[in-house]
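The values are calculated or read from the model by the stated rules, or taken from the named source; none is laboratory data. These numbers were taken from a predicted model, which means no experiment stands behind them. Here Cβ is always computed from backbone atoms with ideal geometry, including for glycine, and neighbour counts include all displayed protein chains. All accessible areas refer to the heavy atoms of the entire protein, side chains included, with ligands and DNA or RNA removed. Shrake-Rupley method; radii C 1.70, N 1.55, O 1.52, S 1.80 Å.
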Amino acid sequence: MLNKIWQFLKQLIQRLLGTTPPPAPPAPPRPTLTDAEYESKFMEILAGVNVGWSRGDVAGFLIAKRLRDGELAAWLRRFGTRLFEGENSEGGHGGTAPTDAVASLQELARRLGLLGRIGSGELSQVAGNIGLEILTRFPLPVVEDDGGYGNVIEAVFVGDGLGVSGDENRGGGEGDDDALHNLDIAQRQLEPTE
């Protein structure tokens, strides 16, 4: 209490005499991270996005780690440039990367695309662009045309779980006979009547 009164009187005298207190020292500059540290933080974001993080989760992570969207986006641009330069240089992939390297790049592209779809600012935009560029250079395998119906998984409910048709490992649960009987009735109801 006495300290506050003393500070008030001191400031009052300084104002009356026209003297100003010395300026406060500037805040120390934020240390810049190394590329390895940026990569580590970015991989944490991609892992989180892969398990369902939202825009708010990404923003919260950036705040908690004291990262700025623009700083991480600038690092990601440099990362993408190095990635594509390495591909084009001698000894790079040149479109003939080993299968496991291509699979890793495609997984990276998938996660970058997920981050791009979240739309959490400049970082998401850069991530989406790099993901698209990777998929342009290393496209996913083409799935045969199935007549426009999409991929269909034939499955039946058997016993206490879901089994794929022809899957003998799901038998043995309680009520298998009832489940098969109910399945048979349901299939008959779905058959067209003439």
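Worth a mention:
- Any pair with Cβ under 6 angstrom, 6 or more apart, that starts in the range 35-57 at a residue that is under 16 Å from ARG68 (Cβ atoms) and in a helix (DSSP H, G or I) and ends at one that is open to solvent by 50 Å² or more (accessible area, probe 1.4 Å) and of a type in the set (D, E, K, R): LYS41/LYS65
Yes or no, residue by residue, for (1) modelled with pLDDT under 80; (2) closer than 30 Å to ILE134 by Cα:
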| residue | (1), (2) |
| --- | --- |
| LYS4 | no, no |
| PRO21 | yes, no |
| ARG30 | yes, no |
| TYR38 | no, yes |
| ASN50 | no, yes |
| ASP69 | no, yes |
| ALA74 | no, yes |
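- The residue of the range 63-78 that is least open to solvent (accessible area, probe 1.4 Å), among those that are free of Cβ contacts under 8 Å to residues at least 40 places away in the same chain and of a type in the set (A, V, I, L, M, F, W, C), is LEU67.
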